Amino acid sequence: MRVVWINDKADLVGGAERYVYETAGLLADRAVRSTLLYGARGWTEPAFTGRFEAAFPWVDGARQLAELRPDLIYVHQTADAPAVIDAIGAAGAPALRFLHDHALFCPRDHKYTTIGQRTCTRTIGLGCVGCLGVVKNPEGPIPIRLRTVRAVRSELSRHMELTGVVVGSRYMRDHAIAHGFDPARVHMNPLYVRPRATAVRAERRRDLLLFVGSLLRGKGIDILLEALRELPERVRLRLVGEGHQRHLVEAQARDLGVAHRVELAGRLGAEDLARAYAEAACLVVPSRSPETFSLAGPEALVHGTPVVAADVGGVREWLEPEVTGLAVPSCDPRALARALRRVLFDPQLGARLAEAGRRRVLEELTPERHVASLLGLFERVRRR
């Protein structure tokens, strides 16, 4: 089978790119021949493109797809989805898109209200205007840019021309169906964690909290910092990740008087990230934006690290409250602080949650299960 992957970036800069990179490699072991079409802008990482049989910048999509003659097209992150869909239509090949984020379901992408910064679970509509949801990307370098509800609905309808969409959680499946997608064309396939071949040698630090993700308001770092202020002075927080709102994180930590307790570690390589998971007493997922899955949680569980997470979006795909982790309401720093105290001051509870979570991840969120399901979907789509 020949599959053409479409993704703007050809570098390991985010979760979507990591999924593309790792999954293409796993499919290569199953005799799938993969070609990558990527955006012409930005850095192209040779190690990333080397994972594919061939890789080309997206120049004339319709012509490139016609010449490549794929059995199936697998679309991921793209800034110009209408042009991609037009090119796919001209090529005539079946096409799936993996929905990594809320771009189709929120004018500003982030899925939390502009006013009040509360988690949003509604479908797109006039309510987006009432909460100033049409003000797109206030987290980005351009402070104000309008994206109308009509424009989002138009792009949403264009995606319904594709053969189907793939999602990583029941939450995203239900959200796509609520927005009008045919349930038969929404395919749920939970993400996976690749267990390490060798154990990481690290001493568990019982007063160290860990956050892994982008330094953005939607990730709820401000909520976590407020919760940290409620915890004993000896408790420390390590933030792993980068983002253009890093300066806001630093400023808030200073304002709250907890800057001396916060380490901004930046983006870590695989070995250092594994060590960070193994050292932490607890991973915190404080998101106000509904997570489409949140892979950091299962990764922490594989390392035997308990997780406390905001009960939003696809987190329930791997977190069963009081069994594989602790769930708290989003945007509630006091509730978060109470849950963190439970884990920090009751090591037996933390160990029980982490062990149950680890068993579930290793049994259910495996690469083999994901790839087998994906290949089955590819075959069904191709036969149609």
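Details
- Coordinate range of the alpha-carbon atoms in the range 229-289 per principal axis, descending: 33, 29, 24 Å.
- Note on residue 150 and residue 2: with the Förster distance fixed at 35 Å, the Cβ-Cβ geometry gives a FRET efficiency of about 0.40.
- Atom-type composition of the exposed protein surface of the chain places 49 percent of the accessible area on carbon and sulfur (1.4 angstrom probe).
- For the pair residue 332 and residue 260, the difference between a 0.36 nm per residue extended length and the Cα-Cα distance amounts to 23.6 nm.
- The mean sequence distance of close C-alpha pairs (under 8 Å, at least 6 residues apart), as a share of the length of the range 153-286, puts its relative contact order at 28 percent.
- Accessible solvent surface per residue of the range 55-94, calculated while the other protein chains remain in place, 1.4 angstrom probe, Å²: 47 Å²
- Computed on the Cα atoms alone, the convex hull of the range 144-264 gives a volume of 178 cubic angstrom per residue.
- Contact order normalised by residue count of the chain, Cα under 8 Å, 6+ apart, percent: 13 percent
- Sparsely packed loop sites in the range 177-243 (the chymotrypsin sites (Phe, Trp or Tyr not before Pro) outside DSSP H, G, I, E and B with at most 12 other Cβ atoms within 10 Å) do not occur.
- These residues, 71, 174, go from largest to smallest accessible area, 1.4 Å probe, as 174, 71.
- Once backbone amide H atoms are built at 1.01 Å from N, residue 285 has 308, 309, 310 as its partners under 5 Å, excluding neighbours fewer than 5 places away on the same chain.
- Compared with the direct C-alpha span, the chain from residue 129 to residue 83 gains 13.9 nm at full extension, assuming 0.36 nm per residue.
- Amide H contacts for residue 280 (H built 1.01 Å from N in the peptide plane; partners 5 or more residues away or on another chain; cut-off under 5 Å): 205.
- Residue-by-residue Karplus 3J(HN,Hα) for the range 304-316, coefficients 6.51, -1.76, 1.60, Hz, glycine and proline x: x, 9, x, 10, 10, 9, 5, 7, 10, x, x, 4, 5
- Listed candidates (i) 61, 27, 17; (ii) 30, 26, 21; (iii) 35, 25, 19 - label of the one calculated as semi-axes √(5λ) of the Cα gyration tensor in Å: (iii)
- With the convex hull drawn around the C-alpha atoms of the range 258-302, the volume per residue stands at 112 Å³.
- For the pair the range 24-98 / the range 159-174, the C-alpha centres are spaced 19 Å from each other.
- The range 226-348, accessible area per residue, ligands and nucleic acids excluded (1.4 Å, Å²): 39 Å²
- Computed across the range 226-384, the Kirkwood radius stands at 17.0 Å (inverse of mean 1/r, all Cα pairs).
The values are calculated or read from the model by the stated rules, or taken from the named source; none is laboratory data. Small disclaimer: the values here were computed from a predicted structure and weren't measured. Note that each Cβ is placed from the backbone with ideal geometry, even for glycine, and that neighbours are counted across all protein chains shown. We work out accessible area using only protein heavy atoms, side chains counted, and drop any ligands, DNA or RNA first. Shrake-Rupley method; radii C 1.70, N 1.55, O 1.52, S 1.80 Å.
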